[in-house]
Amino acid sequence: MIDHQKLGVAIPASVEKLQSLFGDAPEVAVVLGSGWAGAASLVQDAKSLAYTELPAFPQPKVEGHVNEVVVGRLGEQRVIMLRGRAHTYESGECTGMAGAIRTLKAWGVKLLLQTNASGSLRSHMPPGSLMLIADHINAPQRSPLVGEPGSGRFVDMVGAYDPELRRHALQLAKNEGLMLGEGTYCWALGPQFETAAEIRMFAAWGADAVGMSTVPETILARHAGLKVMGLALMTNMAAGLSAEALTHDLTLKQAQASGERAASFLAQLVASLKDVAL
Ligand code: HPA
């Protein structure tokens with residue numbers, strides 16, 4: 001459960017730090033998932049700050065992992081990028097990003113644009129494809145809002161992935177000649193990959209992609225009053241759908257292979273939000 005007493009101190013302290021270093025909040029925050037890291041190097045006039053300086057942000061457990069925010073601009077759109085997220089499979093807690101997301105909201109951010117690596121359930125989205133997340137399935141039925149006080153916890157999740165912003169992203173992809181699928185993302189707790197039977201079940205439920213992140217953050221962001229968008233990079237066909245054995249290495253290799261195209265579309269998308277009311 002969220003430690004409200006701790007966050008009650010940590011969030012204002014984190015906002016103050018961000019404000020004093022970077023000034024007013026950018027409207028757009030991006031969570032960089034696996035495969036999307038290259039986008040951070042496209043940020044212009046970039047300044048960074050380690051999560052260790054932001055008490056409401058997840059504190060890295062493994063040294064050597066990049067856990068920092070990068071603030072700057074893409075074109076004329078200011079942006080904060082979050083490099084590193086807490087996954088539920090690390091601790092069993094799905095609240096790991098609560099402090100970070102509430103800090104972004106309190107600072108003045110309007111949109112949380114999430115990115116991730118996913119397994120594809122659809123042959124028309126082979127590894128390397130990008131999918132705009134239209135909706136999600138919370139398969140573990142876990143919520144970061146358990147124990148949250150107040151009626152605000154009964155969050156309406158219909159249209160959680162902002163319909164207008166989705167239309168905008170699809171139009172941009174079309175203009176750029178980029179294949180961008182749209183579909184439903186299914187959250188699996190992990191860290192083990194799914195069984196073939198689980199994937200058949202998710203497909204029957206209407207899932208198009210499967211991954212181990214994003215859903216808790218979407219719930220937290222909608223609760224906080226942030227708009228949400230999501231982009232998934234297909235790194236593999238989901239369990240049982242290809243002859244290739246699923247390994248973390250395979251997903252990382254594919255993420256690297258298509259990372260540049262993913263990062264460049266992400267940068268274009270963020271820049272294009274300059275003309276959109278958020
Ligand atoms: N399953 C779950 N998470 C993933 C996958 C997958 O096939 N690929 C990348 N992240």
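The values are calculated or read from the model by the stated rules, or taken from the named source; none is laboratory data. Quick caveat: nothing in here was measured; it's all calculated off a predicted structure. No Cβ is skipped: glycine too gets one built from the backbone with ideal geometry, and neighbour counts run over all protein chains shown. Heavy atoms of the whole protein, side chains included, go into the accessibility calculation; ligands, DNA and RNA do not. Shrake-Rupley method; radii C 1.70, N 1.55, O 1.52, S 1.80 Å.
Treating only the Cβ atoms of Lys and Arg (+1) and Asp and Glu (-1) as charged, compute the dipole magnitude of the chain about its Cα centre; round to the nearest 20 debye. It works out to roughly 240 debye. Averaging the Cα positions of each part gives two centres, and for region 3-17 and region 25-94 these lie 18 Å apart. Out of Ala25, Ala245, Ala255, any idea which swings most in a Gaussian network model of the chain, alpha carbons joined below 10 Å? It is Ala245. Rg then Dmax, both in Å and based on the Cα atoms of region 1-157: 16.3, 48. For Lys105, the lysines whose Cα falls under 22 Å of its own Cα, not counting residues fewer than eight places away in the same chain, are Lys6, Lys17, Lys47, Lys227, Lys274. In a solvent-free Debye calculation with one equal scatterer on each Cα, what is log10 I(q)/I(0) for region 108-165 at q = 0.17, 0.20 Å⁻¹, listed in the order of the q values? Once normalised to I(0) and log-transformed, intensities are -0.84, -1.06. Secondary-structure-derived ellipticity at 222 nm for the chain, considering helices only, amounts to -10500 deg cm²/dmol, per-run term -39500 (n - 2.57) for DSSP H runs with n ≥ 4. For region 215-276, the residue among Leu250, Ser264, Thr218 whose Cα projects farthest onto the positive side of the dipole built from Cβ charges is Thr218.
Just to confirm, what accessible area per residue do you get for the chain at 1.4 Å probe, in whole Å²?
That works out to 45 Å² per residue.
Thinking of region 122-278 as a set of Cα atoms, what percent of all their pairs are more than 25 Å apart? In whole percent, the share of Cα-Cα pairs in region 122-278 beyond 25 Å is 34. Per residue, the convex hull around the alpha carbon atoms of the chain comes to 123 Å³. Placing unit charges on the Cβ atoms only, positive for Lys and Arg and negative for Asp and Glu, gives region 125-222 a dipole magnitude near 40 debye about its Cα centre. So for region 62-102, what percent of the C-alpha to C-alpha distances run longer than 14 Å? Value for region 62-102: 60 percent of Cα pairs lie more than 14 Å apart. The Cα center of region 172-241 and the Cα center of region 100-120 differ in position by 15 Å. Could you point to the residue in Phe57, Ile137, Gly38 farthest towards the positive end of region 1-147's charge dipole, with +1 and -1 charges on the Cβ of Lys/Arg and Asp/Glu respectively? Of the options given, the answer is Ile137. For region 188-270, dividing the convex hull volume of the Cα atoms by the residue count gives 114 Å³ per residue. Most simply put, the chain has about 35% antiparallel DSSP beta bridges, counting only bridges with both residues inside it.
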